[in-house]
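First the structure, in the form of structure tokens, and then the observations on it.
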Amino acid sequence: MSILLNKSTKVIVQGVTGSEGTFHTASMMEYGTKIVAGVTPGKGGTVYSGKNGMLFKKAIPVFDTMEQAISATGATASIIFVPPPVAADAILESIDAGIGLIVCISEGIPTADMVKVAAALKNSKSRLIGPNCPGIITPGEAKLGIMPGFIHKPGRVGVVSRSGTLTYEAVKQLTDLGIGQSTCMGIGGDPIIGTQFIDAIKLYNEDYKTDAILMIGEIGGNAEETAAEYIQKYVKKPVIGFIAGKTAPPGRRMGHAGAIISGGKGTADEKFKALADAGIHIAESPADIGKKVAEALATAPRRRHVALRGGRMGKIRAKKLKS
Amino acid sequence: MKIHEYQAKELLRRFNVPTLQGRAAFAAEEAGKICWEEFESKGITTVVVKAQVHAGGRGKGIIHDIATGAQIELFGKPLRGVTVLSGENLSDKVYQLAKAMLGNKLVTIQTGAAGCIVHRLFIEQGCAIEKEFYAGIVLDRQSSKNTVMVSTEGGVEIEKVAAETPGKILKESIDPLAGFQAFQAKRLAFGLGLNGNAYKSFVPFIMKLTQAYTDLDCSLLEINPLVLTTDGEFIALDAKMNFDDNALYRHPEYEELHDDSEEDPLEVEAAKFDLNYIKLDGNVGCMVNGAGLAMATMDLIKLSGGSPANFLDVGGGADVERIANAFRIMMSDVNVKAVLINIFGGIVRCDKVADGIVQALNQVKVNVPVIVRLDGTNAIEAVETLRNSGMEFKIATNFEDAARKVAETVAA
């Protein structure tokens, strides 16, 4: 199962004909993602298969609106590659069209626009990942994002992170140690994001294909603390955590719009403490993330949750494990 | 983006938020002249001279001599960043005070010992204060809504109030669709215990303030203190306004409000090349792609016994020019004793980055050890390029190895 995305998920690319959209659509198709359509207002009715040497495995129809694209293809997910001034509108259009999963890669959306998006998401059927994020990948099946596919390996650790390249770093450490991933999700570095740590952790906790959860946080806000409280109460799987920005000065925006210590709040020390207090395995050094996951997996009661879970799939799974 | 108090007040006046009369001065003569024209000649006998720097805590901060570092005294007491003057020969006093402040440095609780140099002053009319309050508007990340906060504890650090007496901060969130409503302003007013004229003045004040926050794309708007005058009027005595950097594209007029002298010269230089650089006090420079990895790399340097000299995210398109500029900026920092390059190639190819590093080092003289860690797409070819360059790199195979090499270099 993994979470949110697999090889049969039908995907629409918003902003498919732009250079970013084209490049990453080709790469996502290459990885195995089932891309069924693109949306570029004004280019509806055409068929697109890439440009400038970035060619798609398969040509896809282009529509003017999300509504048309969904009704023609039955897609359940979309990914957005449009410039920041129009990105919030693209998200709102997707929410209005009632699509289940929206991944927004665009970086630099004004906070005021995202306040409106957050309000629209509340009473909708849609889940948003991002913005300002690398997206989501279910290794060996499909990717809905801009991450390099080859560093991933199918497996049983769920990864959730606010960062891009730091997530790749952590994933590579896991893969180098032979530890695969069920799904990896970058939730984005902005102050307002659609899917928070706590949401991703809930999903991994309920996913029987995920045995352990790796969360990579950073300074700013208190989403890590909120997630830690939840983990302490509800998560029996081992959770491993790292927080970036121990050496970041207060009051400065560290690249990500949301990575700022303001009024002495949102420091790495506070977050590390909240994680440790919740019984989460801590990687003190970013170079030791993979090792800490390996240690946590070695000491954890092996897949007890599978037997506890019940249900047909759970039982089959448990049986398989015994044999 | 941060702006000065006097600039914020100018913007607030457009929204009819009450402020006191005042003008900015860039030189001592100008300060004296403003005081005469605006105040003394009109019979006003009290003015306030306020250092215009982006750091807070100015009222308690003390001016230090730029050359000797000694505290400056004027009229028999330490000269503070915000000083009230009154009585005879007011313009002359303002002139003397401005002369003592301008070009010297203000050290406040927020600036650290280094302080910041005062280049601009704001000369403002004095007022009779009945009571000081606090008003602030900021994004609440948890609810994804902007929140209006007020408190009876004005003129002190709001973080202190939040930590010690959180019950004294009243909050109302701004509905993203309907906006801030009058009943919410009234609820805040009653919460503060206001009545009569004070109540009547407060409600429109906070409504207008909220309007300004929204229309100007602020990320922070703080009035501390918000004062109630003896006439029963609410006035913004101070104003701290930050803009959302992501929204700057729709406010081209903000460019004029930018004050480069408030930033580190290296950061100003880096911004010209679209490099995300923040100067720190350490001895190991670092160049990284991606903000999260850049922070993690700084942390790793610290764990390895060094201290990061900067935050530097070169971004995705790490071409020769970007890398050369990044090197130039890093090497302008005299404290840098070693450089760590940490690139995780996803979309960006490591071999291209390696080419860029080699070419950049042909352009920029670097005489400290350079540790390079390139991983991800085409990492093997990249290492080849570095090895064949004839330059001396310390090549790290992974993050852990990079840490070790930093530790060795720092210890040597």
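The values are calculated or read from the model by the stated rules, or taken from the named source; none is laboratory data. None of the values given here were measured: they were computed from a predicted structure. Every residue, glycine among them, receives a Cβ derived from its backbone with ideal geometry; neighbour counts consider all protein chains shown. SASA here: full protein model, heavy atoms, side chains in, ligands and nucleic acids out. Shrake-Rupley method; radii C 1.70, N 1.55, O 1.52, S 1.80 Å.
Relative to the dominant Cα principal axis of chain B, helix B:90-101 is inclined by about 20°. At an R0 of 41 angstrom, the distance between the Cβ atoms of B:ALA67 and A:GLU229 translates into a FRET efficiency of 0.20. Principal axis extents of the Cα atoms in the range A:113-211, from largest to smallest and rounded to whole angstrom, are 42, 27, 20. Buried on complex formation within the range B:343-362 (loss of at least 30 square angstrom of accessible surface versus the isolated chain, 1.4 Å probe, ligands and nucleic acids ignored): B:PHE344, B:GLY346, B:ILE347. I'd like the carbon and sulfur percentage of the solvent accessible area for the range A:149-293, probe radius 1.4 Å, heavy atoms only, ligands and nucleic acids excluded. Of all accessible area on the range A:149-293, carbon and sulfur atoms account for 51 percent.
Rounded, prolate or oblate for the range B:89-159? Axes are the square roots of the Cα gyration tensor eigenvalues, ordered a ≥ b ≥ c, and the cut-off for rounded is a/c under 1.5.
Values: a/c = 2.98, a/b = 1.66, b/c = 1.80.
In terms of gyration-tensor shape, oblate.
Please work out whether the protein assembly as shown counts as rounded, prolate or oblate from its C-alpha gyration tensor, where a ≥ b ≥ c are the square roots of the eigenvalues and a/c under 1.5 means rounded, while otherwise a/b larger than b/c means prolate and anything else oblate? Prolate, since a/c reaches 1.5 and a/b exceeds b/c.
Total Å² of accessible surface buried at the B-A contact, 1.4 Å probe, nearest 100?
Values: alone 19820 and 14270 Å², together 30180 Å².
In total, this chain pair buries about 3900 Å².
For chain A, the per residue solvent-accessible surface stands at 38 Å², with DNA, RNA and ligands left out and a 1.4 Å probe.
The Cα trace of the range B:277-401 gives Rg and Dmax of 12.8, 35 Å, the first to one decimal, the second as a whole number. Normalised per residue, the accessible area of the range B:121-168 is 43 Å², obtained with a 1.4 Å probe and no contribution from ligands, DNA or RNA.
The modelled label-to-label distance for the pair B:ASN16/B:LYS131, using points 7 Å beyond Cα in the direction of Cβ, is 2.6 nm.
Calculate, for the range B:279-327, the solvent-accessible area per residue in square angstrom, rolling a 1.4 angstrom probe over the heavy atoms of the protein chains. All intermediate terms of the calculation are to be shown ahead of the outcome.
Numbers: 1140 Å² over 49 residues.
For the range B:279-327, the solvent-accessible area averages 23 Å² per residue.
If you wrap the Cα atoms of the range B:143-271 in a convex hull and average its projected area over all directions, you get 10.2 nm².
The angle separating the long axis of helix B:182-191 from the principal Cα axis of greatest extent in chain B is about 80 degrees.
By accessible area, using a 1.4 Å probe on protein heavy atoms only, the range B:2-144 has 51% of its surface on carbon and sulfur. In terms of its alpha-carbon gyration tensor, the range A:200-259 comes out prolate; a/c meets the 1.5 threshold, and the first ratio a/b outweighs b/c.
Over 18 Å, how big is the tail of the calculated P(r) for the range A:1-64, in percent of all Cα pairs? Please report the intermediate quantities before stating the final value.
Values: 588 of 2016 pairs.
It works out to 29 percent of all Cα pairs.
Scattering from chain A was approximated by placing one identical point on each alpha carbon and applying the Debye formula without solvent; log10 I(q)/I(0) at 0.09 1/Å stands at -0.46.
Between B:LYS99 and B:ALA271, the contour length at 0.36 nm per residue exceeds the alpha carbon distance by 58.7 nm. Across all Cα atoms of the range B:127-176, the radius of gyration (one decimal) and Dmax (whole number) stand at 12.2, 39 Å. Report, in degrees rounded to the nearest 10, the 0 to 90 angle that the Cα long axis of helix A:268-277 makes with the longest principal axis of chain A. Taking the Cα atoms of chain A, the angle to A:268-277 is about 60 degrees. For the range B:59-112, taking Cα atoms only, Rg and Dmax work out to 11.3, 36 Å respectively. Of the GluC sites (Glu not before Pro) found in the range A:75-162, none is in coil by DSSP with at most 14 other Cβ atoms within 10 Å of its Cβ. In this simple spin-label approximation, A:ALA276 and B:GLU321 carry label points 7 Å from Cα along the Cα→Cβ vector, and these lie 4.7 nm apart.
Compute the FRET efficiency between A:LYS291 and B:THR46 as 1/(1 + (r/R0)^6), taking r as their Cβ-Cβ distance and R0 = 56 Å, and round to the nearest 0.05. Present the calculation step by step, with values, prior to reporting the outcome.
Details: r = 66 Å, r/R0 = 1.17.
Once the sixth-power term is evaluated, E becomes 0.30.
When Rg and the Kirkwood Rh are both derived from Cα coordinates, the Rg/Rh ratio for the range B:1-136 amounts to 0.96.
Here B:TRP36 and B:THR230 are evaluated by their C-beta separation; at R0 = 41 Å the FRET efficiency comes out at 0.95. Go through the range B:364-404 and flag every residue whose accessible area shrinks by 10 Å² or more with all protein chains in place compared to the isolated chain (probe 1.4 Å). In the range B:364-404, residues shielded by partner chains: B:ARG373, B:ASP375, B:GLY376, B:THR377, B:PHE399, B:GLU400.
The modelled label-to-label distance for the pair B:GLU255/B:ASN197, using points 7 Å beyond Cα in the direction of Cβ, is 4.6 nm.
Per q in 0.21, 0.23, 0.24 Å⁻¹, report the Debye log10 I(q)/I(0) for the range B:14-90, using one uniform scatterer on each alpha carbon and no solvent. The Cα Debye sum returns log10 ratios of -1.14, -1.27, -1.31.
Interface burial in the range B:245-266 reaches 10 Å² or more for B:ASP245, B:ASN246, B:TYR249, B:ARG250, comparing the full protein assembly with the chain by itself; accessible area from heavy atoms with a 1.4 Å probe.
Just the number, please: carbon plus sulfur as a percent of the accessible area of the range B:258-412, 1.4 Å probe, no ligands or DNA/RNA counted.
Working: 2910 of 6190 Å².
Exposed carbon and sulfur together represent 47 percent of the surface.
When all alpha-carbon pairs of chain B are counted, what percent fall beyond 30 Å? Of all Cα-Cα pairs in chain B, 54 percent lie more than 30 Å apart. Dimensions of the range A:1-137 from C-alpha coordinates, computed as largest minus smallest value along each principal axis and given longest first, are 38, 34, 27 Å. When the charge dipole of the range B:163-254 is built from unit charges on Cβ atoms (+1 for Lys and Arg, -1 for Asp and Glu) and taken about the Cα centre, the candidate among B:ILE223, B:ASN242, B:ALA178 whose Cα reaches farthest toward its positive end is B:ALA178. The lysines whose alpha-carbon is closer than 19 Å to the alpha-carbon of A:LYS236, local same-chain residues fewer than 8 away aside, are A:LYS202, A:LYS209, A:LYS292, A:LYS315.
Looking at the range A:26-147, send over the antiparallel percent of its DSSP beta bridges, to the nearest 5.
Numbers: 8 of 17 bridges.
Of all bridge pairs located within the range A:26-147, approximately 45 percent are antiparallel.
The charge dipole of the protein assembly as shown, taken about its Cα centre with unit charges on the Cβ atoms of Lys, Arg (+1), Asp and Glu (-1) only, comes to about 3500 debye.
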